[in-house]
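Engineer: Sharing a structure below in structure tokens format, with a few things to ask.
Here, each number is a calculation from the coordinates, and none is a lab measurement. Just so it is clear, the model here is predicted, and its values are computed rather than measured. Here the Cβ positions follow ideal geometry from the backbone for every residue, glycine too, while neighbour counts run over all protein chains shown.
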Amino acid sequence: MRTVPSTRLSASVPPVLAPHDLELHERLGIDGDLLLRAGVRRVSDREARDRLSVNGQAGDYSGVEYPYIHPVTGYRVTSRIRLDHPPLKVNGSPDGKYRTPFGDNRHLYFVPDVDNLLGDTSVMVVIVESEKAALAVTAAAHRAGRRVLVIACGGCWGWTGRIGKAEDEHGKRVDVKAALPDFALPAWMNRRTTILFDARPNDSVEAGRRGLGRVLRLRGADVRHAHLPEDDHRVSGPDDFIAAHGDAALWHLIDGAVVEDRAGRGGASGRVPSRL
């Protein structure tokens with residue numbers, strides 16, 4: 001697989017975002033300073049094609065790029081682009097809103113300036129799916145005066161990656177997948193860790209969430225599962241939940257998350273308290 005050249009982001013070169021990009025993030029509580037420090041930027045179709053190595057393919061690849069910055073070295077290791085106009089499936093639904101550069105290794109997404117939180121197990125970890133959600137929960141934590149390490153895994157199965165090849169029972173060469181090496185960066189032993197995936201999950205999402213929980217428990221983490229409401233069509237991810245219900249409801253949801261059993265029973269109900 002291709003290795004992405006390591007490039008340190010320069011704070012002296014502000015990323016370019018369109019006014020509607022800023023408005024979108026502001027509705028989620030993400031301010032311009034956090035976007036600047038995270039290196040979030042708008043990319044044209046031409047820039048995105050160069051970044052993703054998809055020259056020659058049909059479609060419009062313009063969108064917003066979220067760089068993945070190593071929390072210790074400060075170097076870019078990959079990125080994901082949220083497409084403005086993702087291709088559509090036969091049923092008219094988007095065929096994947098996000099794209100990663102072809103050949104890049106997968107990584108966990110860490111928000112800026114968390115190197116001092118990685119080893120502090122008194123700091124709660126919250127794991128979400130998207131980069132936008134990670135930034136929104138981080139911004140909410142700053143407003144609440146909370147120290148929280150927020151990590152995005154880039155999708156319900158984004159916490160896994162290819163580690164090699166092996167033969168299956170039919171003698172066919174297949175990918176061998178396991179948890180990403182980035183899980184070695186934070187300390188996990190006895191650390192409260194809440195998984196907060198998107199609303200209205202299907203069987204694959206539930207399996208990914210439970211699998212991630214098992215991986216973290218094996219590392220000694222105190223794993224909790226919080227659930228977004230499934231009956232609120234304003235809410236897809238934690239960022240939408242903040243926009244719809246506010247910071248207090250988010251922390252009620254996270255603080256109320258409990259341990260689930262192996263079958264996935266238990267945990268927070270996802271209901272928004274009427275008093276909030």
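Engineer: To the nearest 0.05, how large is the calculated FRET efficiency for ARG234 and GLU167 if R₀ is 45 Å and r is the Cβ-Cβ distance? Present the calculation step by step, with values, prior to reporting the outcome.
Structural biologist: On the way: r = 48 Å, r/R0 = 1.06.
Rounded to the nearest 0.05, the efficiency is 0.40.
Engineer: To continue, here is another question. Once you order the gyration tensor axes a ≥ b ≥ c over the Cα atoms, which shape class does segment 17-111 get: rounded for a/c under 1.5, otherwise prolate or oblate by comparing a/b with b/c?
Structural biologist: Oblate.
Engineer: Related question: Taking the Cβ-Cβ separation of ALA248 and ARG147 as r and a Förster radius of 25 Å, what is the calculated FRET efficiency to the nearest 0.05?
Structural biologist: On the way: r = 18 Å, r/R0 = 0.72.
For ALA248 and ARG147, the calculated efficiency is 0.90.
Engineer: Whole-Hz ³J(HN,Hα) for each residue in segment 30-40, computed from phi via Karplus 6.51 cos²θ - 1.76 cosθ + 1.60 with θ = phi - 60°, x for glycine and proline: what do you get?
Structural biologist: Once rounded to whole Hz, the list reads 9, 8, x, 5, 5, 4, 4, 5, 7, x, 5.
Engineer: Let me ask something additional. Applying the Karplus parametrisation 6.51 cos²θ - 1.76 cosθ + 1.60 with θ = phi - 60° to the phi angles of segment 91-100, what ³J(HN,Hα) value in whole Hz is obtained for each residue in order, glycine and proline being reported as x?
Structural biologist: 7, x, 7, x, 9, x, 7, 10, 9, 10
Engineer: Further, regarding this structure: Using only DSSP helix segments of four residues or longer, with each worth -39500 (n - 2.57), what per-residue ellipticity at 222 nm results for the chain after dividing by its residue count and rounding to 500?
Structural biologist: Details: 7 runs with 71 residues, N = 276.
Counting only the DSSP helices, I get -7500 deg cm²/dmol.
Engineer: Oh, and also: Identify the trypsin sites (Lys or Arg not before Pro) of segment 57-94 meeting these criteria: DSSP loop state and at most 11 other C-beta atoms within 10 Å of the C-beta. Present the calculation step by step, with values, prior to reporting the outcome.
Structural biologist: Numbers: sites: ARG76, ARG80, ARG82, LYS89; in loops: LYS89.
Sites meeting the loop and neighbour criteria: LYS89.
Engineer: Near the amide H of HIS227, under 5 Å away, which other amide H atoms are found, from residues 5 or more places off or on another chain, if H is placed in the peptide plane?
Structural biologist: ALA268, GLY270
Engineer: Let me ask something additional. Could you give the alpha-carbon Rg of segment 81-145 over 2.2 N^0.38 Å, rounded to two decimals?
Structural biologist: On the way: Rg = 15.8 Å, N = 65, 2.2 N^0.38 = 10.7 Å.
So the Cα radius of gyration is 1.47 times the expected 2.2 N^0.38 Å.
Engineer: Quick one: which of 91-103, 126-138 comes out on top by average Cβ neighbours within 10 Å, and what's the full order, highest first?
Structural biologist: Values: 91-103: 12.8, 126-138: 26.8.
Ranking, from highest mean packing down: 126-138, 91-103.
Engineer: Could you run the Karplus curve 6.51 cos²θ - 1.76 cosθ + 1.60 with θ = phi - 60° over segment 59-73 and give me ³J(HN,Hα) per residue in whole Hz, x for Gly and Pro?
Structural biologist: x, 10, 9, 5, x, 10, 9, 10, x, 9, 10, 4, x, 9, 7
Engineer: List every residue whose amide H lies under 5 Å from the amide H of THR78, counting only residues 5 or more places away in sequence or on a different chain, with H placed 1.01 Å from N in the peptide plane.
Structural biologist: Those qualifying (amide H under 5 Å, at least 5 residues apart or on another chain) are TYR68.
Engineer: Want the number for SER122 to ARG219: 0.36 nm per residue separation, take away the alpha-carbon distance, what's left?
Structural biologist: On the way: separation 97, 0.36 × 97 = 34.92 nm, distance 1.57 nm.
Stretched out fully, the SER122 to ARG219 stretch lengthens by 33.4 nm.
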